[in-house]
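K.L.:
What follows is a structure written as structure tokens; I'll ask about it next.
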């Protein structure tokens, strides 16, 4: 069985848009480029990689036959990076709710704030995290 590695563009610019079945990527020039087909003699797995800043490379997609899987660990890495760039209150608020699974009333008690304030903080922190992830993918 023959396998291959295939380039899928720069990570920061393209990973957030990568989905199974994707057939193009955005180049550093801002234009869309078609992904190359695997060589005809490849009958095994096709591993797709993207280049990260600093000439680091990450496998982001595996295709085999009709299976096409985008590796979720890379997205988790992006989210962790986005959380790390948030302010302390935003990060603690999101971690309490999504990581530790605290209820709004538990968060209200631990943060010594009314539930309405906790809801607002969650809303604002989610928006800030989304901006962080957009900024990371637009670089």
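Here, each number is a calculation from the coordinates, and none is a lab measurement. Predicted model, so just to flag it, every value in this text is computed and none were measured. Cβ sites come from the backbone with ideal geometry, for glycine too, and all protein chains shown count toward neighbours.
K.L.:
How high is the relative contact order of the chain? Use alpha-carbon pairs under 8 Å, at least six apart in sequence, and give a whole percent.
P.N.:
Relative contact order for the chain comes out at 24 percent.
K.L.:
Express the relative contact order of the range 4-70 as a whole percentage, based on alpha carbon pairs under 8 Å and six or more residues apart in sequence.
P.N.:
36 percent
K.L.:
So, one more: Helix 72-85 versus the longest principal axis of the chain: what angle, 0 to 90°, nearest 10, using Cα atoms?
P.N.:
In the chain, helix 72-85 runs at an angle near 40 degrees to the longest axis.
K.L.:
Considering all projection directions equally, how large on average is the shadow of the alpha-carbon convex hull of the chain, in square nanometres?
P.N.:
With every direction weighted equally, the projected area is 10.3 nm².
K.L.:
What distance in nm lies between label points placed 7 Å from Cα along the C-beta direction at residue 41 and residue 64?
P.N.:
Between residue 41 and residue 64, the simple spin-label model gives 2.2 nm.
K.L.:
With r as the distance between the Cβ atoms of residue 17 and residue 127 and R0 = 22 Å, compute the FRET efficiency 1/(1 + (r/R0)^6) and round to 0.05.
P.N.:
The computed FRET efficiency comes out at 0.65.
K.L.:
So what does log10 I(q)/I(0) come out to for the range 4-70 at q = 0.15, 0.18, 0.21, 0.24 Å⁻¹, using the Debye formula with one equal point on every Cα and no solvent?
P.N.:
Log-scaled intensity ratios, in q order: -0.44, -0.64, -0.86, -1.09.
K.L.:
Relative contact order for the range 75-138: what percent, with Cα pairs under 8 Å and sequence separation of 6 or more?
P.N.:
The value is 43 percent.
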